[in-house]
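*Asks:* Provided herewith is a single structure, encoded as structure tokens, for subsequent inquiry.
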Amino acid sequence: MSKSTKAMSDSGKVDQLIAGITDWRGNIFAIVRKAVLGADEEIIEEFKWRGTPLWSRDGMIAVGNAFKGKFKLTFAYGAKLADPDKLFNADFAGNTRRAIEFFEGDKVDIAALKKLVRAAIEYNQSKLKKKAQAKKKAQAKARKSKK
């Protein structure tokens, strides 16, 4: 890895990754990325696991990957999210993740995707609230037992 690649921001690395995908998958990737980032101004974009873009806010939202013949957006806690627009079309076997697979010719429903991203953020924030409440209860219980 060159020094210039190491110094590049995560968003710059994602830009570079997308630019290197010169077929329809790169176009879908760019549209999906813009929609995800446009759903909430506090979303953080990272470059993880040997070149996988990851988007998070108060926890992981989703990762995006271009595979042979498809682009896949995998939501970390997709199984916990309502999907009224029926965007999820893959990874139904488990109890955690869900994915949207895009194939050549597919259109991105930007409004529905943004709604799903916001639902993922709300889920992450609800988990944080539950953890904070549990921690408060444990601290109060510990204080009571010391008395």
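No value in this document is a laboratory result; all are computed from the given coordinates. None of the values given here were measured: they were computed from a predicted structure. Please note: Cβ atoms are built from the backbone with ideal geometry, for glycine as well, and neighbour counts cover all protein chains shown.
*Asks:* State, as an integer percentage, the relative contact order of region 3-146 based on alpha-carbon contacts under 8 Å between residues 6 or more apart.
*Replies:* Contact order relative to length: 20 percent.
*Asks:* Among Arg25, Arg50, Arg57, Arg118, rank each residue by its count of other Cβ atoms within 10 Å, from fewest to most, as a rough exposure measure.
*Replies:* Arg50, Arg118, Arg57, Arg25
*Asks:* Report, to one decimal in Å, the Kirkwood hydrodynamic radius for region 1-131 based on all distinct Cα pairs.
*Replies:* 15.2 Å
*Asks:* Okay, moving on. Can you pull the one-decimal nm distance between simple spin-label points at Asn95 and Asn27, each 7 Å off the Cα toward Cβ?
*Replies:* It is 4.2 nm.
*Asks:* Lys and Arg at +1, Asp and Glu at -1: add these up for the other residues within a Cβ distance under 13 Å of Ile31 and post the number.
*Replies:* Counting the neighbours of Ile31, the net charge comes to +3.
*Asks:* Right, another one. Using the count of nearby Cβ atoms within 10 Å as a rough guide to exposure, how do Ile43, Ile110 rank from fewest to most?
*Replies:* Arranged by neighbour count, lowest to highest, Ile43, Ile110 become Ile110, Ile43.
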